[in-house]
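Okay, so here's the structure we're looking at.
The values are calculated or read from the model by the stated rules, or taken from the named source; none is laboratory data. From a predicted model like this one, the values you see are computed outputs, not experimental measurements. Counting neighbours? That spans all protein chains shown, and the Cβs are built from the backbone with ideal geometry, glycine included. In case anyone asks, the SASA skips ligands and DNA or RNA and just uses the protein heavy atoms, side chains included. Shrake-Rupley method; radii C 1.70, N 1.55, O 1.52, S 1.80 Å.
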Amino acid sequence: MEYFPKEQFSLASVETIFIWLIMQKRMVMYKKFTDEELVDLLKQGKDKAFDELYFRYRDLLVRFVYIRMKSIPISEEIVQEVFTTIWERRKTLLIQKKFAAYVYTSVRYMTLDYIKSHTITDQYIKEVVDSSANLYNSNNTTEDSIYYDELQQAVDKAAALLPKKSKEVFILSRIKNYSNKEIADELNVSIDTVKYHITYALKFMRSYLGEFN
């Protein structure tokens with residue numbers, strides 16, 4: 001029985017199939033290694049070892065982060081950041097315990113840092129929004145007024161630089177206090193899309209407002 005007509009084959013297609021078979025064989029081979037063996041291979045520059053570790057733990061870690069963050073895009077971003085760091089430090093990677101414990105700990109700390117940094121950004125923006133009504137209240141010092149003026153201008157400039165959709169979501173969420181569902185209904189997008197744009201906007205704001213930290 002001929003599965004492929006002979007006329008469809010060329011030297012190039014045979015070489016492509018041969019390379020694909022080799023890659024499949026290597027992937028199967030790496031699945032047999034323990035985490036610690038893969039780490040050793042990774043230090044030697046074997047990128048397939050990294051791929052195996054990534055796909056072995058990625059979904060588990062995303063679910064782990066999701067328990068706290070309640071957002072798939074944010075969870076994926078945090079896990080991706082951890083593995084990016086592992087890849088960048090692969091030649092000097094020092095793991096004194098099981099890789100599973102190491103990567104879960106790394107993800108946990110990355111999640112806490114993410115929450116802390118984004119909470120700070122929200123606090124900055126909340127200060128601007130909440131202070132707009134009583135900015136020049138007699139209880140405020142001249143220094144306070146100058147600080148809030150500068151912060152207001154910085155937030156306005158940062159918001160103006162956001163992509164159109166992210167800017168719309170940001171204004172509805174942080175200025176008009178819409179819920180994620182209300183924003184999704186208003187803009188006719190999914191709630192996950194709303195969360196993505198909020199995450200993007202706050203990350204941008206955090207970078208832009210770094211001088212106020």
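May I ask you to order 53-59, 186-192, 72-78, 90-96 by the average number of other C-beta atoms within 10 Å around their residues, highest value first?
Descending mean neighbour count gives 72-78, 53-59, 186-192, 90-96.
For R68 and V189 in the same chain, what is the full-extension length gain: residue separation times 0.36 nm, less their Cα-Cα distance, in nm?
41.2 nm
For the pairs K116/K164; K43/K98; K70/K167; K91/K116; K46/K97, flag any whose C-alpha to C-alpha distance is greater than 19 Å.
Check vs 19 Å cut-off fails for K116/K164; K70/K167; K91/K116; K46/K97.
Run the dipole for region 32-105 about the Cα centre, Lys and Arg Cβ at +1, Asp and Glu Cβ at -1, nothing else charged, and hand back the magnitude in debye, nearest 20.
Computed about the Cα centre, the dipole is about 160 debye.
At what distance in nm do the modelled label points of K91 and Q152 sit from each other, each positioned 7 Å from its Cα along Cα→Cβ?
Placing both labels 7 Å along Cα→Cβ, they lie 5.2 nm apart.
For a quick check of understanding: with a 1.4 angstrom probe and all protein chains in place, what accessible area in square angstrom does T193 have, to the nearest ten?
50
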